[in-house]
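Visitor: One structure follows; several queries about it will come next.
The values are calculated or read from the model by the stated rules, or taken from the named source; none is laboratory data. What you are looking at is a predicted structure, and each value in this text was computed from that prediction instead of being measured. Every residue, glycine among them, receives a Cβ derived from its backbone with ideal geometry; neighbour counts consider all protein chains shown. With ligands, DNA and RNA removed, areas are computed over all heavy atoms of the protein, side chains included. Shrake-Rupley method; radii C 1.70, N 1.55, O 1.52, S 1.80 Å.
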Amino acid sequence: MRDTEAWSTTPRAMPAHIEPPRRIGFAATALFIYLILLAGYVLSYVHRTAPAAIAGELTQAFQVSGALLGTLAATYFYVYTLLQVPVGVLADTVGPRVVVTAGAVVAAVGSIMFGLAPGWELAAVGRLLVGMGVAVTFVALLKVCANWFPPQRFATFNGITLLAGNLGAAAAGAPLAWLVTVASWRSVFVGLGLASLALAVLTWIVVRDSPRECGFEVSYAPPPAVATHWAQALRAVLANPASWPGFFVNVGVAGSFFAFAGLWVVPYLREGRGLSQAVASHHASLLVLGVAAGSLVVGLLSDRLRSRIGVMRLFALMYALSWLPLVLRWEPSLALSYAWFFVMGLFVPAFVLTWTVAKEMNPPEHAGMAVSLVNVGIFLGAGILQPLAGALLDAVRPVLGPTGAWDRAIWLFAASAAAGALCTLFVRHEYPAPAPAHSRRQTGAAATAARPGAGHGSVCHSKRGNP
């Protein structure tokens, strides 16, 4: 399908007594809405990494141990995991615009509360609210992509989204650390809260859930109204055999990466390989940068080759094989070691295509629930592997020493990656056929105002009197 066809739309006819509003182009509208939500997604990564960037200041301010500080920071992840499926339901029923706006307000309140908290108890409540608020962004963003962009572009936008998030996380650490030197850490969190509040206002004004709410008809957008009750729709997604393989791919592939990169990579390189703190940190950064680059590559490659399963299996297999040098205790030069960690990260985004498959193997109006289901596997896998690796290290370190203990732990991560790659063999998918250029159906303007604020004060419409 040619690009011009992919973006083609037909504005809906309006009754003669209603003056047709002026609209900017469909492609520009869709891209503008996506960029607003992408900014919210990047900000959610900043919220996630902020405590790590100023951990020393937080420990001193709240007079807490490292374990308690870790629990305080991890509250974000616990809430994020628990809310994924409910967020998917809300994205499919209430709509992304309302969900993201409300989430940004909650995150703003939580961040400001964290910044002003006199003790760690209120700080924990604030961090809990931040986790609740930003947990909605990703699934809602993918739901908007499913509604506004052709299926043949969905994997590409998934990759761009994850690329931006990872780059945002990588870039946030140094600026936040610098800001603490010129302003207090409390000002940083209050500032993040105000940024979330500004994005909430912008989301409410700009974002629309569907092209129909801006007066555009596109053939790939789901129906404006779905009669199915949300519980029945969720049961249908859960009962669909095509929904589950991606979940288990994420447990193995994404879970092993997030567990390793999120906690254990630096301790492994320092204790198990004898590298310095700085060199170990550089390895960790290259691993994350590889994931960022791979996210874009896997999306573009999947859409260009019109293949989800083949690309997913290739990347998952290469990621599993990339653990072999670590398992076999390969001792490369420093330059080659850096390059290997980057390449290792490059193949991790096999899991990015699980969102695409889940969305395309379920009805389009259930995209939020389908994506949220497989997304749970990422955090479940990491949540299982992180403490399991710690328990294994504690059990065998007195007998085998640090190096021997880490050799056993690396086998655990490698086995998880291999199991995830094996699960890709059970993924089933049919690549979406090219959609017609546009729907021939013409509808009245009443449907545009079906949701509150659907046609007012947004990028879609100007004031009356500006044809």
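Visitor: Please verify whether Leu287 is farther than 15 Å from Ala254 by Cα and either of a type in the set (Phe, Trp, Tyr) or within 22 Å of the chain's Cα centre (by Cα) (or both), treating the condition exactly as stated. Spell out the reasoning first.
Guide: On the way: farther than 15 Å from Ala254 by Cα: no; either of a type in the set (Phe, Trp, Tyr) or within 22 Å of the chain's Cα centre (by Cα) (or both): yes.
Against the criterion (farther than 15 Å from Ala254 by Cα and either of a type in the set (Phe, Trp, Tyr) or within 22 Å of the chain's Cα centre (by Cα) (or both)), Leu287 does not qualify.
Visitor: Please determine whether any residue of region 372-393 is modelled with pLDDT of 80 or more, open to solvent by 60 Å² or more (accessible area, probe 1.4 Å) and touching a Lys or Arg at 6+ places or on another chain (Cβ under 9 Å).
Guide: There is no residue in region 372-393 that is modelled with pLDDT of 80 or more, open to solvent by 60 Å² or more (accessible area, probe 1.4 Å) and touching a Lys or Arg at 6+ places or on another chain (Cβ under 9 Å).
Visitor: Next question, about the same structure. Considering only residues that are among the basic types (Lys, Arg) and open to solvent by 10 Å² or more (accessible area, probe 1.4 Å), which ones fall in region 265-314? Break it down into steps so the answer makes sense when it comes.
Guide: Taking region 265-314 first, the residues among the basic types (Lys, Arg) are 270, 273, 304, 306, 308, 313.
Correct list: Arg270, Arg273, Arg304, Arg306, Arg313.
Visitor: Examine region 300-321 for a residue that is modelled with pLDDT of 85 or more, assigned to a helix (DSSP H, G or I) and closer than 27 Å to Arg397 by Cβ, and state whether such a residue exists.
Guide: yes
Visitor: Related question: Kindly establish whether Phe247 is assigned to a helix (DSSP H, G or I), open to solvent by 60 Å² or more (accessible area, probe 1.4 Å) and within 20 Å of Gln84 (Cβ to Cβ).
Guide: On the way: assigned to a helix (DSSP H, G or I): yes; open to solvent by 60 Å² or more (accessible area, probe 1.4 Å): no; within 20 Å of Gln84 (Cβ to Cβ): yes.
It is false that Phe247 is assigned to a helix (DSSP H, G or I), open to solvent by 60 Å² or more (accessible area, probe 1.4 Å) and within 20 Å of Gln84 (Cβ to Cβ).
Visitor: Give Leu324, Leu328 a once-over and let me know the one that is touching a helix residue (DSSP H, G or I) at 6+ places or on another chain (Cβ under 9 Å), farther than 25 Å from Asn158 by Cα and at pLDDT 85 or above.
Guide: Details: Leu328 fails: touching a helix residue (DSSP H, G or I) at 6+ places or on another chain (Cβ under 9 Å).
Result of the check over Leu324, Leu328: Leu324.
Visitor: If the requirement is being closer than 23 Å to Ala50 by Cβ, in a helix (DSSP H, G or I), without any contact (Cβ under 8 Å) to a residue 40 or more places away in the chain and among the β-branched types (Val, Ile, Thr), which of these qualifies: Val288, Val266? Explain how you work it out, then say what you get.
Guide: Details: Val288 fails: without any contact (Cβ under 8 Å) to a residue 40 or more places away in the chain.
Unique residue meeting the criteria: Val266.
Visitor: Before we move on, is Phe260 over 16 Å from the mean Cα position of the chain (by Cα), part of a helix (DSSP H, G or I) and crowded, with 24+ Cβ neighbours inside 10 Å? Give the derivation first.
Guide: Numbers: over 16 Å from the mean Cα position of the chain (by Cα): yes; part of a helix (DSSP H, G or I): yes; crowded, with 24+ Cβ neighbours inside 10 Å: yes.
Here the answer is yes, as Phe260 does meet what is asked.
Visitor: Which one of these is open to solvent by 10 Å² or more (accessible area, probe 1.4 Å) and either at pLDDT 85 or above or of a type in the set (A, V, I, L, M, F, W, C) (or both): Val218, Val139, Val201?
Guide: On the way: Val218 fails: open to solvent by 10 Å² or more (accessible area, probe 1.4 Å); Val139 fails: open to solvent by 10 Å² or more (accessible area, probe 1.4 Å).
From the options Val218, Val139, Val201, the qualifying one is Val201.
Visitor: Check whether at least one residue in region 342-352 is open to solvent by less than 10 Å² (accessible area, probe 1.4 Å) and either modelled with pLDDT under 90 or not in a helix (DSSP H, G or I) (or both), and report yes or no.
Guide: If we filter region 342-352 for residues that are open to solvent by less than 10 Å² (accessible area, probe 1.4 Å), which is where we start, we get 344-345, 348-352.
From the residues that got through so far, the ones that are either modelled with pLDDT under 90 or not in a helix (DSSP H, G or I) (or both) too are 352.
Yes, region 342-352 contains at least one residue that is open to solvent by less than 10 Å² (accessible area, probe 1.4 Å) and either modelled with pLDDT under 90 or not in a helix (DSSP H, G or I) (or both).
Visitor: Given the conditions (1) open to solvent by 20 Å² or more (accessible area, probe 1.4 Å); (2) touching a residue at least 60 places away in the same chain (Cβ under 8 Å); (3) under 28 Å from Ser307 (Cα atoms); (4) part of a helix (DSSP H, G or I), and given that His429 satisfies all but one, which numbered condition is not satisfied?
Guide: All conditions pass for His429, except number (4).
Visitor: Also: When Val399 is evaluated against the numbered criteria (1) part of a helix (DSSP H, G or I); (2) buried (at least 18 other Cβ atoms within 10 Å of the Cβ); (3) at pLDDT below 90, which criterion, by number, is the only one it fails?
Guide: Val399 satisfies all of (1) part of a helix (DSSP H, G or I); (2) buried (at least 18 other Cβ atoms within 10 Å of the Cβ); (3) at pLDDT below 90 except (2).
Visitor: When only residues in region 113-136 that are open to solvent by 50 Å² or more (accessible area, probe 1.4 Å) and not acidic (Asp, Glu) count, which is modelled with the lowest pLDDT?
Guide: Here the residue is Trp120.
Visitor: Mind checking which residues of region 87-100 are free of Cβ contacts under 8 Å to residues at least 24 places away in the same chain and part of a helix (DSSP H, G or I)? Lay out the reasoning, then the answer.
Guide: Within region 87-100, the first condition is being free of Cβ contacts under 8 Å to residues at least 24 places away in the same chain, and the residues that meet it are 94, 98.
Of everything in region 87-100, just one residue is free of Cβ contacts under 8 Å to residues at least 24 places away in the same chain and part of a helix (DSSP H, G or I), namely Val98.
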